[in-house]
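FYI, it's all coordinate maths here, none of it is from the lab. Model, not experiment: these values are computed from the prediction. Heads up, the Cβs are rebuilt from the backbone with ideal geometry, glycines too, and the neighbour counts pull from every protein chain shown.
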Amino acid sequence: MKKKILLVDDSALMRRVLCDIINSDDDFEVADQAINGLEAFDLLSRNRYDAVVLDVNMPKMNGLQLLGELRKYRIHVRVMMASTDTVEGAKTTLDALELGALDFIHKPDQANSCRDGAFQANFLRILHGVVLSKPPVFDSPTRVQEKKEENRKFIQILQKSSSRIAGRKIVAIASSTGGPKALQSVIPRLPADLDAPVVLVQHMPKGFTASLAERLDAMSEVHVVEAKEGDKLVNGTVYIAAGGKHMNVVYAGGGYTIRYTDEPIREGVKPCANYMYESLRSSKFDKVVCVVLTGMGADGTEGIKNLKEVKKVYVISQDEATSTIYGMPKAVAKAGLSDQVVALDNVASEIVLQVGLSNA
């Protein structure tokens with residue numbers, strides 16, 4: 001049975017073009033269309049859809065307002081953003097992801113440009129991932145505060161009771177669909193005195209990772225940056241791979257630095273976590289803690305497998321229950337590479353236990 005898609009866009013031409021793309025896939029059919037958020041909210045109140053393709057800028061009720069209403073009334077739906085705002089307005093896109101959208105694509109300004117084969121293939125790839133994902137679930141404000149308090153107490157206990165873990169360590173994280181939201185449950189829980197640098201590949205196109213880094217930095221004790229060519233790795237700092245490039249860790253100038261390369265797309269993505277993990281094969285880190293979070297596909301599995309051949313590696317993968325889409329962490333676990341499979345809320349504490357604190 002075909003998956004039913006609700007298409008929401010105020011442009012008649014854009015709706016027609018996107019309908020053609022969606023209906024061209026044997027797995028999908030556009031069941032209904034809406035020209036603004038009000039119409040979409042009415043349809044979502046009365047009908048069930050497997051996914052929603054949602055524009056941002058619309059009259060009467062825009063895409064962000066619709067997401068807010070869906071959250072307010074606890075209408076759980078899988079949403080893929082498709083908007084011309086999503087490059088210049090990276091903040092808008094991240095707002096949408098925080099409000100419950102699962103993934104996004106940049107829609108060309110001209111509808112006919114959407115007929116490009118590469119755009120269509122990418123659109124359908126993302127839509128397949130969204131349909132396979134779990135609808136968003138939100139903690140209440142009370143529970144959010146409880147989690148912050150629990151994490152603060154955990155770090156205090158660790159700082160008082162732990163001895164420093166010897167050796168030079170690095171944390172390497174991979175995430176994809178559902179990752180921007182999941183990272184808010186991991187990075188802000190890491191303490192400023194984490195005794196390791198953190199490198200992170202989140203599958204995002206060019207133009208979005210800087211905004212993601214800024215948002216996570218504002219929420220966190222650790223420093224979070226979009227990694228730049230030549231950045232020297234420092235403990236307690238998170239380096240997010242820039243969209244559209246492959247990030248590697250290399251030894252240069254007496255320390256480990258970021259180097260970008262332009263190898264082909266791998267696992268359908270760029271940046272690709274496999275390249276990041278494999279760049280650590282020749283490093284002299286005494287321990288590499290690999291963390292694989294929610295995402296479609298298997299990025300990370302091959303890289304970790306190759307890394308484990310030559311390095312001491314400890315692998316933490318997110319469990320199925322808390323993953324938006326159990327693809328990447330499942331692939332790592334199925335390959336027998338995971339040392340621990342844990343719920344999202346426990347990932348940060350397990351990282352700290354593996355690398356320790358510099359002031360312990």
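Laid out as a table, the results:
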| quantity | calculated |
| --- | --- |
| Sequence ranges 131-138, 61-68, 325-332, ranked by mean other-Cβ count within 10 angstrom, highest first | 325-332, 61-68, 131-138 |
| Extreme residue, positive dipole direction of the chain, given options 6, 174, 346 (C-beta unit charges) | 346 |
| Spin-label pair residue 150/residue 286, simplified geometry with 7 Å Cα→Cβ offset, distance in nm | 3.2 nm |
| Footprinting exposure proxy for 29, 39 (fewest neighbouring C-beta atoms within 10 Å first) | 29, 39 |
| Virtual paramagnetic centre 7 Å along Cα→Cβ of residue 339, amide N under 18 Å, in the range 182-218 | 194-199 |
| Calculated FRET value between residue 38 and residue 91, using beta carbons and R₀ = 25 Å, to 0.05 | 0.55 |
| Dipole axis of the chain (+1 Lys, Arg; -1 Asp, Glu on Cβ), positive-most option in 282, 80, 300 | 282 |
| Residue 81 long-range amide H proximity, modeled H, under 5 Å | 54, 102, 103, 104, 105 |
| Whichever aspartates and glutamates have a C-alpha closer than 14 Å to that of residue 312, once near sequence neighbours (fewer than 8 apart) are set aside | 278, 286, 339 |
| ³J(HN,Hα), Karplus 6.51/-1.76/1.60, whole Hz, each residue of the range 165-173, x for Gly, Pro | 8, 5, x, 9, 10, 9, 10, 10, 10 |
| Partner lysines for residue 330 [C-alpha distance under 21 Å; skip if fewer than 8 residues away on the same chain] | 134, 181, 270, 305, 308 |
| Local electrostatic count, residue 124, Cβ distance below 11 Å [Lys/Arg +1, Asp/Glu -1] | -2 |
| Global form of the range 141-355, assessed from the alpha-carbon gyration tensor, a/c cut-off 1.5 | rounded |
| Count, lysine Cα pairs under 26 Å in the range 3-132, 8 or more residues apart or across chains | 10 |
| DSSP-assigned coil residues among GluC sites (Glu not before Pro) in the range 66-133, each with at most 11 further Cβ atoms within 10 Å | 88 |
| Selection of trypsin sites (Lys or Arg not before Pro), the range 35-127, meeting DSSP coil and at most 14 other Cβ within 10 Å | 48, 60, 74 |
| Cα pair distances of the chain binned at 10 Å [whole percent] | 5, 25, 33, 23, 11, 3, 0 |
| Part-to-part distance (alpha-carbon centres) for the range 25-54 and the range 197-233, which is given in Å | 34 Å |
| Alpha-carbon Debye profile of the range 3-132, log10 I(q)/I(0) at 0.20 Å⁻¹ | -1.16 |
